[in-house]
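Peer 1: What follows is a structure written as structure tokens; I'll ask about it next.
FYI, it's all coordinate maths here, none of it is from the lab. These figures come from a predicted structure and were not determined experimentally. Every residue, glycine among them, receives a Cβ derived from its backbone with ideal geometry; neighbour counts consider all protein chains shown.
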Amino acid sequence: MEDRQLISQMKKRDRNALKDVYTGYKSEFFRFASRYTSDDVVLEDIFQDAIIVLYENALSGKLDELKSSLKTYLFSVGKFMIFKKFRDTKELTTDEDYVFDQNEITVINDVHEDEGPNEYQKKLVENFKKLGDKCREILELFYLEGLKIDEIMRVQGYENKNVVKSQKSRCLKSLKDLILKHNG
């Protein structure tokens with residue numbers, strides 16, 4: 001499965017997508033991370049923690065515009081966790097001073113600076129759940145999956161694009177009204 005598909009499936013809380021990532025990268029992660037520590041228990045803990053970060057960031061939409069591959073992201077998070085764990089000790093088995101590349105630094109900063117959803121985002125999610133199934137589906141297809149109006153038309157079986165446009169517009173207005181109603 002492609003990275004975008006995996007991210008999309010994880011956002012839908014599809015455990016099979018998470019399992020695919022877990023089983024697909026575990027042995028390779030262990031080979032990669034064994035350069036830094038040979039303790040399999042530590043590697044297992046760090047890999048599981050990195051998987052959790054990946055999953056939570058997929059759910060929150062942080063991976064929607066991922067600039068690297070899912071594997072690079074996962075391994076960067078894992079490597080950061082290894083370095084953080086052993087920062088003040090001499091337990092790392094590598095004899096080189098590792099320098100993070102720019103992509104890894106971006107991932108590390110994203111993980112560190114994550115403060116979770118703000119109040120508006122929480123209200124958005126809360127009220128989004130109150131929309132009807134059709135509205136949620138159209139908005140998810142458009143905003144989360146990035147489908148164009150004509151693609152949504154085909155996926156949902158509408159006869160023409162104008163119907164989809166007006167339906168999307170009504171759904172967005174309903175969501176805004178719900179937020180304003182529960183805001184005041």
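Peer 1: Testing the spin-label approximation: label points 7 Å from Cα along Cα→Cβ at Val155 and Asp49. State their distance in nm.
Peer 2: So the label points at Val155 and Asp49 sit 3.6 nm apart.
Peer 1: So if I take the alpha carbon set of the range 119-183, get Rg, then get Rh from the Kirkwood formula, what is the Rg over Rh ratio?
Peer 2: Ratio of gyration radius to Kirkwood radius: 1.00.
Peer 1: Scan the range 134-184 for trypsin sites (Lys or Arg not before Pro) in coil per DSSP, keeping those whose Cβ has at most 13 other Cβ atoms within 10 Å, and list them by number.
Peer 2: Taking the range 134-184 and a limit of 13 other Cβ atoms within 10 Å, the loop trypsin sites (Lys or Arg not before Pro) found are Lys148.
Peer 1: Using the Karplus curve 6.51 cos²θ - 1.76 cosθ + 1.60 with θ = phi - 60°, work out ³J(HN,Hα) for each residue of the range 52-63 in order, rounded to whole Hz, and write x for Gly and Pro.
Peer 2: 5, 4, 4, 5, 4, 6, 5, 4, 7, x, 5, 9
Peer 1: Report, ordered by chain and residue number, the lysines lying within cross-link reach of Lys176, taken as a straight Cα distance under 18 Å and ignoring same-chain residues fewer than 8 apart.
Peer 2: Lys122, Lys123, Lys129, Lys130, Lys134, Lys165, Lys168
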